[in-house]
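Below: the structure, in structure tokens.
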């Protein structure tokens, strides 16, 4: 069986029909072993010349972005003189639980959501803060959010359009006699980078 090489398909089986406009270099391996191996050397030289002459450039990588879709909301909860409590938003199961001595008055709650936008089918590593502080409008009172989790596991694969929605959850620690305020200022930083 012979090999041929042309500039469009590199190497493949020798064909009985030769396409018009191709530069074929037929080589019969059995004959080249008996002869002086010139055709085999010629093929090697041409392949090296072909690869050296073609510049190899890396594909440009799309800038990775984090786009916020919804903020995390913990609902309406009151502190107690009987002790501290917590409110937990589960990022994976989209559930909310109130524990300890805190009183649950319902209200609007939701897990947070952001979208990663970048190179299609790329893998991304997301780093969440371990905790952050929220303050009321005047900044005089604060509350800590910790145990921040996300719905995905690193590395996160972007889809064919280069997008992936990620949900986040966390825990609010309500101290005994926590001041009755709207704590909606502040937050933490989320970092994302290609793997």
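Here are a few things to note about the model shown:
- A residue that is farther than 19 Å from residue 68 by Cα and part of a strand (DSSP E or B) cannot be found anywhere in the range 182-192.
Every residue, every condition in (1) at pLDDT below 95; (2) touching a strand residue (DSSP E or B) at 6+ places or on another chain (Cβ under 9 Å); (3) part of a strand (DSSP E or B), yes or no:
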| site | (1), (2), (3) |
| --- | --- |
| 114 | no, yes, yes |
| 125 | no, yes, yes |
| 129 | yes, yes, no |
| 133 | yes, yes, yes |
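- Subset tally (residues that are surrounded by fewer than 16 Cβ atoms within 10 Å (Cβ to Cβ) and more than 18 Å from residue 174 (Cβ to Cβ)) for the range 64-94: 9
- Complete set of residues in the range 158-174 that are in contact (Cβ under 8 Å) with a residue 60 or more places away in the chain and either exposed (fewer than 14 other Cβ atoms within 10 Å of the Cβ) or not in a strand (DSSP E or B) (or both): 162, 165
- Looking across the range 94-112, just one residue is in contact (Cβ under 8 Å) with a residue 60 or more places away in the chain and assigned to a strand (DSSP E or B), and that is 100.
- Residues of the range 135-148 that are part of a strand (DSSP E or B) and surrounded by fewer than 17 Cβ atoms within 10 Å (Cβ to Cβ): 135, 142, 144, 146, 147.
- Residue list for the range 66-93, filter: modelled with pLDDT of 95 or more and outside any strand (DSSP E or B): 91, 92, 93
The values are calculated or read from the model by the stated rules, or taken from the named source; none is laboratory data. Since the structure is predicted, the reported quantities are computational estimates derived from the model, not experimental observations. Quick reminder, even Gly has a Cβ in these numbers, built from the backbone with ideal geometry, and neighbours come from all protein chains shown.
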